[in-house]
Amino acid sequence: MNDCIFCRIVRGEIPADIVARTADAVAFRDLNPQAPAHVLVVPTRHLAAARDAEGEEGAMLLGRTLQFATRVAHDLGLDANGYRLVANTGAGAGQSVFHLHVHLLGGRPMGWPPG
């Protein structure tokens, strides 16, 4: 999708503080961090939301994205104290950029319920 801000970051058209990259996903620091460590993990393929990851290919994309997020968390040193992975789906859940993404949050205690 040409005008999607996350697609443009993936393509390198918009600068971002890239933390890690694979062929399947890119991790970059959130511009409005909600925790000391707040990284967005996005698949390189555009899907509007998690609900759009259908069939075997969608399952593989979700799995690779989550697995990559856990690797990024490890590389950032978040394993010892824990971290949170959040994927908002739809405006009512707080999704404001309609490109599937996972928020990786850590570096502080997380309360529950989250919202």
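The values are calculated or read from the model by the stated rules, or taken from the named source; none is laboratory data. Predicted model only: the values in this text are computed from it and were never measured. We place every Cβ from the backbone using ideal geometry, glycine too, and count neighbours over all the protein chains shown.
Numbers below:
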{"read-out": "Filter result for residue 26 (in contact with a Leu (Cβ under 7 Å, 6 or more places away or on another chain), on the phi < 0 side of the Ramachandran plot and not hydroxyl-bearing (Ser, Thr, Tyr))", "value": "no"}
{"read-out": "Selection within region 63-114 - among the basic types (Lys, Arg), over 20 Å from residue 7 (Cα atoms) and free of Cβ contacts under 8 Å to residues at least 60 places away in the same chain", "value": "71, 84"}
{"read-out": "Tally of residues being part of a helix (DSSP H, G or I) and either hydroxyl-bearing (Ser, Thr, Tyr) or touching a helix residue (DSSP H, G or I) at 6+ places or on another chain (Cβ under 9 Å) (or both) across region 64-94", "value": "2"}
{"read-out": "Flag for residue 47 being touching a Phe, Trp or Tyr at 6+ places or on another chain (Cβ under 8 Å), in contact (Cβ under 8 Å) with a residue 24 or more places away in the chain and not small (Gly, Ala, Ser)", "value": "no"}
{"read-out": "Residues of region 72-85 classified as closer than 18 Å to residue 20 by Cα, of a type in the set (A, V, I, L, M) and either under 15 Å from the mean Cα position of the chain (by Cα) or modelled with pLDDT under 95 (or both), total", "value": "4"}
{"read-out": "Qualifying positions in region 37-63 - in a helix (DSSP H, G or I), under 13 Å from the mean Cα position of the chain (by Cα) and surrounded by 15 or more Cβ atoms within 10 Å (Cβ to Cβ)", "value": "50, 61, 62"}
{"read-out": "In region 6-34, residue farthest from residue 66 (Cα to Cα) [restricted to those that are surrounded by fewer than 16 Cβ atoms within 10 Å (Cβ to Cβ) and among the hydrophobic types (A, V, I, L, M, F, W, C)]", "value": "14"}
{"read-out": "Filter result (exposed (fewer than 14 other Cβ atoms within 10 Å of the Cβ) and closer than 18 Å to residue 35 by Cα) within region 85-95", "value": "94"}
